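The structure appears below as structure tokens.
The values are calculated or read from the model by the stated rules, or taken from the named source; none is laboratory data. Note that the structure is predicted; figures quoted are calculated from it, not measured. In this analysis, Cβ positions are derived from the backbone assuming ideal geometry, glycine residues included, and neighbour counts consider all displayed protein chains.
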Amino acid sequence: MSTFDERGNAQETKFVLDAAKEFKAEAKRNKALGHWAAGLMGKADADADKYALEVIMADMEEAGDDDVFRKLRGDLTAAQCEISDEAIRDRMALELKTAREAVYGA
């Protein structure tokens, strides 16, 4: 195998590993967001865990974060929680930063 092939394989492997880490970070973020929103809606224990799983699953609908935002926005509105879109997006960013630090070890 040539050096060029080895370098290409190494880059592919790194890409796959980085993608897996990012997927894990996003799942951790979504779980944390689910527990945060569940608390705002008055859910606890098993209900909070179930809701966190719903938020994780909502992220599978489409690429990007809009599906998670819509899930949170809709459920918080239905539960009559007064919270701005900006506050939700800020929390999403904070939880992603925290999750990335945990996954990447930074």
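Return yes when Leu17 is assigned to a helix (DSSP H, G or I) and at pLDDT 95 or above and no when it is not. Considered against the rule, which asks whether it is assigned to a helix (DSSP H, G or I) and at pLDDT 95 or above, Leu17 comes out as no.
When residues in the range 53-106 are screened for being exposed (fewer than 13 other Cβ atoms within 10 Å of the Cβ), over 19 Å from Phe23 (Cα atoms) and small (Gly, Ala, Ser), 4 of them pass. Which members of the range 58-78 meet the condition of being touching a Lys or Arg at 6+ places or on another chain (Cβ under 9 Å) and either among the acidic types (Asp, Glu) or farther than 14 Å from Arg91 by Cβ (or both)? Answer for the range 58-78, where residues must be touching a Lys or Arg at 6+ places or on another chain (Cβ under 9 Å) and either among the acidic types (Asp, Glu) or farther than 14 Å from Arg91 by Cβ (or both): Ala58, Asp59, Glu61, Asp65. Pairs linking a residue in the range 75-90 that is at pLDDT below 95 to a residue that is among the aliphatic types (A, V, I, L, M) and in a helix (DSSP H, G or I), with Cβ atoms under 7 Å and 6 or more positions apart or on different chains, do not occur.
Filtering the range 64-83 to residues that are touching a helix residue (DSSP H, G or I) at 6+ places or on another chain (Cβ under 9 Å) and not charged (D, E, K, R) leaves Val68, Phe69, Leu72, Leu76, Ala79, Cys81, Ile83. With respect to the conditions (1) among the basic types (Lys, Arg); (2) assigned to a helix (DSSP H, G or I); (3) surrounded by 13 or more Cβ atoms within 10 Å (Cβ to Cβ), Lys50 lacks only one, and its number is (3). The residues of the range 42-68 that are of a type in the set (A, V, I, L, M), closer than 15 Å to Glu26 by Cβ and touching a residue at least 12 places away in the same chain (Cβ under 8 Å), listed by number, are Ala52, Leu53, Val55, Ile56, Ala58, Val68.
Provide a single number: the residues in the range 24-47 that are loosely packed, with under 15 Cβ neighbours inside 10 Å and not hydrophobic (A, V, I, L, M, F, W, C). Total satisfying the criteria: 4. Of all residues in the range 38-47 being small (Gly, Ala, Ser) and under 15 Å from Glu95 (Cβ atoms), which is farthest from the chain's Cα centre (by Cα)? Step by step, filter the range 38-47, then rank; the result is Gly39.
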